[in-house]
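Structure first, then comments.
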Amino acid sequence: MDKLFGNLHRVLAVGLALAIVVALILHSDQIGSHAFWAFVFRWIHVWFGILWIGLLYYFNFVQIPSMPKIPDEHKPAISKVIAPEALFYFRWAAAMTVLFGAITAGMNMYLVEALTLQAGFRTIGIGMWLALIMAANVWFVIWPNQKKVLGLVEATPDAKKAAGRVAMLASRTNTLLSIAMLYCMVGQQNVG
């Protein structure tokens, strides 16, 4: 058991294999169809979205509020080990969520209609625009500022402090936007 559960990559590989087995059992007659592959890309989109928003909420609900409570001598464990790793998955999950969301919308023939907020696609379109803003925020505001905070790029102590504030405000902005974005992503099937 430790050999499996002690290694995240093995757990992910076995989880993927299990999903493939379930798909074969439940949908073997549909595997060659466009609808099946559109579903697979939606599933991948949702998986990356859960990873992205889960990490966003971890940062905002756990890490940011906890940092002032951590003694200074223990903070390097966060800033040198945990935060860089979490930010790696955070930014790539954002990118993959957007990529697979676009693929899903394209495969289902509503990408242009959603992005141009046409009737019947406004809800998902607004959700897509919110997600694009959030992903841009991750890559072009949060990550460049976090690199200064974490010491991955040179910055004075004052610049690090300012960068930390900008990154926190951008992260809180994404938390705010995520609530409406998730409403739109789930609501499309019910409200159009």
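The values are calculated or read from the model by the stated rules, or taken from the named source; none is laboratory data. Values in this document were obtained by computation on a predicted structure and should not be read as measured data. Every residue, glycine as well, gets a Cβ built from its backbone with ideal geometry; the counts of neighbours run over all protein chains shown.
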Over the range 135-192, the set of residues free of Cβ contacts under 8 Å to residues at least 40 places away in the same chain, more than 21 Å from PHE90 (Cα to Cα) and over 17 Å from the mean Cα position of the chain (by Cα) is GLU154, ALA155, THR156, PRO157, ASP158, ALA159, LYS161, ALA162, GLN189, ASN190
When (1) more than 20 Å from ASN174 (Cβ to Cβ); (2) among the aliphatic types (A, V, I, L, M); (3) modelled with pLDDT of 95 or more are applied to ALA119, the one that fails is (3)
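With respect to SER79, is the statement that it is in a helix (DSSP H, G or I), touching a helix residue (DSSP H, G or I) at 6+ places or on another chain (Cβ under 8 Å), polar (S, T, N, Q) and at pLDDT below 95 true? Write out each step before concluding.
Details: in a helix (DSSP H, G or I): yes; touching a helix residue (DSSP H, G or I) at 6+ places or on another chain (Cβ under 8 Å): yes; polar (S, T, N, Q): yes; at pLDDT below 95: yes.
Judged against the criteria, SER79 is a match.
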(1) touching a residue at least 60 places away in the same chain (Cβ under 8 Å); (2) in contact with a Phe, Trp or Tyr (Cβ under 7 Å, 6 or more places away or on another chain) all hold for PRO84 apart from (2)
Only one of (1) within 30 Å of ILE124 (Cβ to Cβ); (2) among the aliphatic types (A, V, I, L, M); (3) within 23 Å of the chain's Cα centre (by Cα) does not apply to VAL11, and that is (1)
Taking the range 103-124 and the residues there that are free of Cβ contacts under 8 Å to residues at least 24 places away in the same chain and surrounded by 15 or more Cβ atoms within 10 Å (Cβ to Cβ), the one that is nearest to the chain's Cα centre (by Cα) would be ALA105
Only unsatisfied item for THR123, checking (1) within 30 Å of HIS34 (Cα to Cα); (2) in contact with an Asp or Glu (Cβ under 9 Å, 6 or more places away or on another chain), is (2)
Inset, instruction - State whether the residues of the range 54-62 include one that is modelled with pLDDT of 95 or more, more than 14 Å from the chain's Cα centre (by Cα), farther than 18 Å from MET128 by Cβ and surrounded by fewer than 15 Cβ atoms within 10 Å (Cβ to Cβ). - result: yes
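Residue-wise test of (1) assigned by TED's automatic domain parsing to the domain that holds LEU56; (2) part of a helix (DSSP H, G or I); (3) farther than 22 Å from TRP37 by Cβ.
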site: PHE100; (1), (2), (3): yes, yes, no
site: ALA119; (1), (2), (3): yes, no, yes
site: ALA131; (1), (2), (3): yes, yes, no
site: TRP143; (1), (2), (3): yes, yes, yes
Taking the range 29-76 and keeping only residues that are more than 23 Å from LYS147 (Cβ to Cβ), among the polar types (S, T, N, Q) and in a helix (DSSP H, G or I), one is left with GLN30
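Consider GLY151 carefully, then state whether it is surrounded by fewer than 17 Cβ atoms within 10 Å (Cβ to Cβ), in a helix (DSSP H, G or I) and either at pLDDT below 95 or not assigned by TED's automatic domain parsing to the domain that holds PHE121 (or both).
Details: surrounded by fewer than 17 Cβ atoms within 10 Å (Cβ to Cβ): yes; in a helix (DSSP H, G or I): no; either at pLDDT below 95 or not assigned by TED's automatic domain parsing to the domain that holds PHE121 (or both): yes.
It is false that GLY151 is surrounded by fewer than 17 Cβ atoms within 10 Å (Cβ to Cβ), in a helix (DSSP H, G or I) and either at pLDDT below 95 or not assigned by TED's automatic domain parsing to the domain that holds PHE121 (or both).
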